[in-house]
Every structure is written in C-alpha cells, then in structure tokens.
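Okay, so here's the structure we're looking at.
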Amino acid sequence: MKVIINDKFYEFQNPNTDEIFNKQKDYLSKLILECGNGEKSEELLTNLYSLFNLSESLIHEFVSSYGMDKTLETLKAKEVK
C-alpha cells in the first residue's frame, strides 16, 4: 500500500496490513449490500467518500501527534523515489 506523507510517497507493508485491509473491505462490502439500494444509500456513499478524503489528513494528524519516525516505523514504510 502507498501513502503520501509530507509530500513524499511511502510504500508500507507490515504483517497485519493485509488482514486489516481485508476486514475493512469485507465490512464495507456488507454495508454496500445492505444499504446500497435503500434509504441509507446517500448516507453510505457520503461516509465512504468522507473516509477516502479523511485518510490522508488522519495520517498527517498521527504524524503530528507521534512524529514521522514513529509513523514510518509503525507502517514499516519505505520512501518510494
């Protein structure tokens, strides 16, 4: 997976990344099936879009709180040049 931190690209893969990603994907896929054609479809799409837009800013918030070194260490990230 890739992330942009402080205008640099990083690729990361820690031992839990795939498992965490797959659990989130399964959960969101179930929500789409349950809510996609119903009254909550607008709320669901808005939430999905919000998550997409918030991801980068939340990573920057983590960097601000814990520092760049801790963030990169946690993600097992390496800069992509």
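Residues E42, E11, E56: which one is surrounded by 12 or more Cβ atoms within 10 Å (Cβ to Cβ) and in a helix (DSSP H, G or I)?
E56
Answer with yes or no whether E61 is free of Cβ contacts under 8 Å to residues at least 12 places away in the same chain and under 26 Å from I5 (Cβ atoms).
yes
Looking only at the range 67-81, filter to residues that are assigned to a helix (DSSP H, G or I) and in contact (Cβ under 8 Å) with a residue 40 or more places away in the chain; which one of those is surrounded by the fewest Cβ atoms within 10 Å (Cβ to Cβ)?
Filtering the range 67-81 for residues assigned to a helix (DSSP H, G or I) gives 68-75.
Those left that are additionally in contact (Cβ under 8 Å) with a residue 40 or more places away in the chain: 68, 71-72, 74-75.
Working: M68: 14, T71: 21, L72: 17, T74: 12, L75: 19.
That would be T74.
Can you say whether V63 is part of a helix (DSSP H, G or I), hydrophobic (A, V, I, L, M, F, W, C) and in contact with a strand residue (DSSP E or B) (Cβ under 8 Å, 6 or more places away or on another chain), as far as the supplied structure shows?
For V63, the condition - part of a helix (DSSP H, G or I), hydrophobic (A, V, I, L, M, F, W, C) and in contact with a strand residue (DSSP E or B) (Cβ under 8 Å, 6 or more places away or on another chain) - is met.
Of S64, S50, S29, which residue is modelled with pLDDT of 85 or more, of a type in the set (S, T, Y), over 16 Å from the mean Cα position of the chain (by Cα) and surrounded by fewer than 12 Cβ atoms within 10 Å (Cβ to Cβ)?
Being modelled with pLDDT of 85 or more, of a type in the set (S, T, Y), over 16 Å from the mean Cα position of the chain (by Cα) and surrounded by fewer than 12 Cβ atoms within 10 Å (Cβ to Cβ) holds for just one of S64, S50, S29, which is S64.
Being surrounded by 12 or more Cβ atoms within 10 Å (Cβ to Cβ), within 19 Å of A77 (Cβ to Cβ), at pLDDT 85 or above and out of contact with any helix residue (DSSP H, G or I) (no Cβ under 9 Å at 6 or more places or on another chain): is that true of F21 here?
In short, no.
Within the range 62-69, is even one residue among the hydrophobic types (A, V, I, L, M, F, W, C) and touching a helix residue (DSSP H, G or I) at 6+ places or on another chain (Cβ under 9 Å)?
yes
The values are calculated or read from the model by the stated rules, or taken from the named source; none is laboratory data. Since the structure is predicted, the reported quantities are computational estimates derived from the model, not experimental observations. Cβ: placed from backbone, ideal geometry, glycine included. Neighbour counts: every protein chain shown.
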